[in-house]
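The values are calculated or read from the model by the stated rules, or taken from the named source; none is laboratory data. Just so it is clear, the structure is predicted and the values come from calculations on it, not from any experiment. Glycine gets a Cβ as well: all are built from the backbone with ideal geometry, and neighbour counts include every protein chain shown. What goes into the accessible areas is simple: the full protein's heavy atoms, side chains included, and nothing from ligands, DNA or RNA. Shrake-Rupley method; radii C 1.70, N 1.55, O 1.52, S 1.80 Å.
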Amino acid sequence: MLEVSNLSARYGAISALNGVSLGVDSGRIVSLLGSNGAGKSTLLGCITNSVPCRMSGSIRLEGEEILGLPTDAIISRGLVLVPEGRQLFAELTVEENLRMGAYGVDRGRHWRADLDRVYRLFPRLVERRRQAAATLSGGEQQMVAIGRAMMARPRIVLLDEPSLGLAPLLVREIFNLIRDINGQSVTVLLVEQNARQALRIAHAAYVLEKGHVTASGAADELARDPHVIEAYLGEA
Amino acid sequence: MITQLVASGLALGSIYALLALSLVLIHKATDVVNFAQGEMAMFGTFICFALLTRAGLPLPAVLLLAAPLGVALGVVTERATMRPLQSAPPVNALIATIGLWMIFHHAAGWIWGYDPVRFPSLFSPEPVEIMGARIAQNSLGIIAVSLLVVVLLYLFFEFTRMGVAMRAASMNRRAAQLMGVDVTRTSLVAWGLASAIGVVSGLLIAPLTFLDFEMMFSVLLKAFAGAILGGFNSLPGAVIGCLVIGVLENLIAAYVSTAFKDTFAFGIIILVLMFRPQGLFTRRIAKKV
Ligand SMILES: Nc1ncnc2c1ncn2[C@@H]1O[C@H](COP(=O)(O)OP(=O)(O)O)[C@@H](O)[C@H]1O
Ligand SMILES: [Mg+2]
């Protein structure tokens, strides 16, 4: 479904990605692991053309080249990013945030039906619908961020560290939700530092280090890889 | 006496408010403070004057053309000067607007001369009686036009697709972009709108002060003071702030001294920035997002 080949990206003189190649098959959850500064967010930013990077290489969405297309054109092809740090519209209510998610597709014509779908996915947001996004807890904010992306009826969603800063119980909940979303035939590319959880729900995974892909394979295989265990899974 | 002072103060204030709306609009959309806003308004007003006197168009036609003309001026300026700087830090763009100030200022003097000229008044100077007070029709007309602009702006931001996109982009530009908002377009629209509103303010002030390439300086200063009173990021705050400034200006001139008419605005800017930088009317909301 999504095919990145030989992608390089630089911020001015700083090189952030060096010939990265990865593929995400339709219907899958693919995890991208890597420590801080590895270039994970940059990769997602390049795919959505929403970072100030100079790019070269190729990004294909269902066979079509999308590298360099404007962000709104990419969204209307069914690819949506849930950015790192949630990036909600702080002063807007939960429901207004969700409505904004439908902005780029179909001129938002189906937003009512889509809103119901999102509320079914995140029942906890229903009682919060009239509350300003800034007043929610971290977990609820992450739900709004994911729900907002779902409003665009994506066929593939990119998630950038959705578990960042959440309590362990919530982390589990968010990962289960990602699996539910995948169950609704939405393909997922999941960037995470929480490798254990990410590998638990993923089919396949890649490891990114300093702008290079250094390992890839089926999720259960990578979970047994000594290097991955040492660098990302720790002892516990 | 006091009613008249307040009424004409509100009229003055609503002219400042229009220019303040322009400043805040661009600031919210692009994080740039457009120091050239007043000069662009003056330049646009001069073009209207040229259409009136040289091209011989009737006054109503010129007034109808003013807004589209302002939009064109803003759009061209944004494309030519802001677009090339869009990935540079905002301070670069801010300095560029100071350059624009110089350019519009001297271009106007060079093209249309350095002497003030009379601009035809848009409203009758005859006073009307309202609740026992005699109020100049001029004041009422200015307030009505400004009110119309404010209402149109409100409708735009609440009910149009572009307006919603602009509000979202002003809160979080990256997020808006990721929702499919074309953020280069929101910047362009902000400049177009701001410039059009600025030209309206120029047209309202020119009959009061004579048309002159220096005429917007004190208006810009008051607009800044009013916008800062309102926290600089709130459109309603800027309007209220400017109305306060307009009334204060009249009262100070009448009861204290006309010498403080312009300098008090500086005083307000400094005091507010020192003691209440978020403005008088906005609560500071704790931002978790
Ligand atoms: N806007 C930017 N300007 C310049 N350098 C950046 C920018 N964003 C990220 N970088 C650099 O690119 C590299 C990769 O960053 P990032 O993609 O955010 O990593 P990750 O998401 O894996 O933590 C880092 O060295 C970071 O400093
Ligand atoms: Mg990151």
What is the number of the single condition among (1) within 17 Å of the chain's Cα centre (by Cα); (2) of a type outside the set (K, R); (3) more than 14 Å from chain B (Cβ to nearest Cβ); (4) more than 11 Å from ligand 1 (Cβ to nearest atom) that A:G19 does not meet? (1)
Hits in segment A:57-84 (condition: open to solvent by 40 Å² or more (accessible area, probe 1.4 Å) and within 16 Å of ligand 1 (Cβ to nearest atom)): A:G57, A:E84
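Give the residues of segment A:65-80 that are of a type in the set (A, V, I, L, M), more than 11 Å from chain B (Cβ to nearest Cβ) and in contact with a Pro (Cβ under 9 Å, 6 or more places away or on another chain), sorted by residue number.
none
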Any residue that is more than 16 Å from the chain's Cα centre (by Cα) and away from chain B (no Cβ under 14 Å) - is there at least one of those in segment A:22-32? no
Quick one: which of A:G138, A:G165, A:G217, A:G147 is open to solvent by 10 Å² or more (accessible area, probe 1.4 Å) and more than 20 Å from A:L33 (Cβ to Cβ)? A:G138
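Quick grid of which residues meet (1) buried (at least 18 other Cβ atoms within 10 Å of the Cβ); (2) touching a residue at least 60 places away in the same chain (Cβ under 8 Å):
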site	(1), (2)
B:A96	yes, no
B:W110	no, no
B:V117	no, yes
B:V128	no, no
B:I143	yes, yes
B:F159	no, no
B:V164	yes, no
B:A169	yes, yes
How many residues are facing chain B (nearest Cβ under 9 Å) and either outside any loop (DSSP other than H, G, I, E, B) or in contact with a helix residue (DSSP H, G or I) (Cβ under 8 Å, 6 or more places away or on another chain) (or both) when one looks only at segment A:81-95? 10
Enumeration of residues in segment A:9-44 that are in a strand (DSSP E or B), open to solvent by 60 Å² or more (accessible area, probe 1.4 Å) and within 16 Å of ligand 2 (Cβ to nearest atom): A:Y11, A:I14
Consider segment B:169-218. How many of its residues are part of a helix (DSSP H, G or I) and touching a strand residue (DSSP E or B) at 6+ places or on another chain (Cβ under 6 Å)? 1
Can you name every residue in segment A:144-157 that is facing another protein chain (nearest Cβ under 10 Å) and either within 16 Å of ligand 1 (Cβ to nearest atom) or in a helix (DSSP H, G or I) (or both)? A:V144, A:A145, A:R148, A:A149
Kindly check whether there is at least one residue in segment B:123-142 that is more than 14 Å from chain A (Cβ to nearest Cβ), under 21 Å from the mean Cα position of the chain (by Cα) and not in a helix (DSSP H, G or I). yes
